[in-house]
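First up is the structure itself, then whatever we jot down about it.
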Amino acid sequence: MNDFQHFPSDSRVWIYQSNKPFPTEVVPELKAIVNRFAQNWVSHNNQLRAHGDVLHDRFILLAVDESQAGASGCSIDKSVHFLKQLENELGVDLFDRMTFAWKEGDDVKTANQTEFSNLFQNGEINSETLVFDNLVKTKGELEEKWLKPLNQSWHKRFV
């Protein structure tokens, strides 16, 4: 297993957010399935140094240390196909970029863009609410910029 903490900060990451939490009882098996995919992920017959995980029972993370071999269009297509299969099996949506996620205490909440805007207008969330920016592209950005105040995120233009 590739230990993600030892991946360089410029390792490429993809975050797929579920529109609802994964059932707690399936998370350990889901983590194993996602990591097994990552361990077998290849690009042009080159084994990728990749990592897969499930974070906060709601996000699927795929990462590739491209210093050894880069993810190609075909390998990225394979990951999308894999995630579409998971989507169908789990009955979730992993590709709706207009579902927003934020921290509320220790919980992660999600809402579509309209609901999110209404929550802001009603004062249930505010400019300091921590939102997840799933558009981060590297491990370094994941560690430093994935969770940020709403007023520092692209989400702010939708409230």
Fill in: The listed residue being more than 15 Å from Asp57 (Cα to Cα) and crowded, with 18+ Cβ neighbours inside 10 Å, out of Thr110, Thr99, Thr114
Thr99
Practice prompt. Please work out if Glu128 is exposed (fewer than 14 other Cβ atoms within 10 Å of the Cβ), more than 30 Å from Ala71 (Cβ to Cβ) and not small (Gly, Ala, Ser).
Written response: yes
Worksheet item: So which residues in region 8-39 are surrounded by 13 or more Cβ atoms within 10 Å (Cβ to Cβ) and farther than 19 Å from Leu135 by Cα?
Response: Pro21, Phe22, Val26, Val27, Leu30, Lys31, Ile33, Val34, Asn35, Phe37, Ala38, Gln39
Discussion item. Need pairs with beta-carbon distance below 6 Å; first residue farther than 20 Å from Val54 by Cβ and within region 125-149, second polar (S, T, N, Q); sequence gap 6+ or separate chains.
Written reply: Ser127/Asn151; Gly140/Ser9
Worksheet item: Would it be correct to say that Ser117 is in contact (Cβ under 8 Å) with a residue 12 or more places away in the chain, part of a helix (DSSP H, G or I) and within 22 Å of His51 (Cα to Cα)?
Response: no
Practice prompt. Please specify each residue of region 17-54 satisfying the condition of being free of Cβ contacts under 8 Å to residues at least 12 places away in the same chain and aliphatic (A, V, I, L, M).
Written response: Ala32
Item to complete: Working carefully through the options Lys103, Lys78, Lys84, Lys148, find the one that is at pLDDT below 95 and not in a loop (DSSP other than H, G, I, E, B).
Response: Lys78
Discussion item. Against the conditions (1) on the phi < 0 side of the Ramachandran plot; (2) in contact (Cβ under 8 Å) with a residue 40 or more places away in the chain; (3) in a loop (DSSP other than H, G, I, E, B); (4) not hydroxyl-bearing (Ser, Thr, Tyr), where does Asp57 fall short? Just the number, please.
Written reply: (1)
Worksheet entry | In region 29-81, the residues that are touching a Lys or Arg at 6+ places or on another chain (Cβ under 6 Å) and more than 21 Å from Pro8 (Cβ to Cβ) | Val54
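The values are calculated or read from the model by the stated rules, or taken from the named source; none is laboratory data. Keep in mind that this is a model prediction, so the values were computed, not measured. All Cβ positions, even for glycine, are placed from backbone atoms using ideal geometry, and neighbour counts span all protein chains on display.
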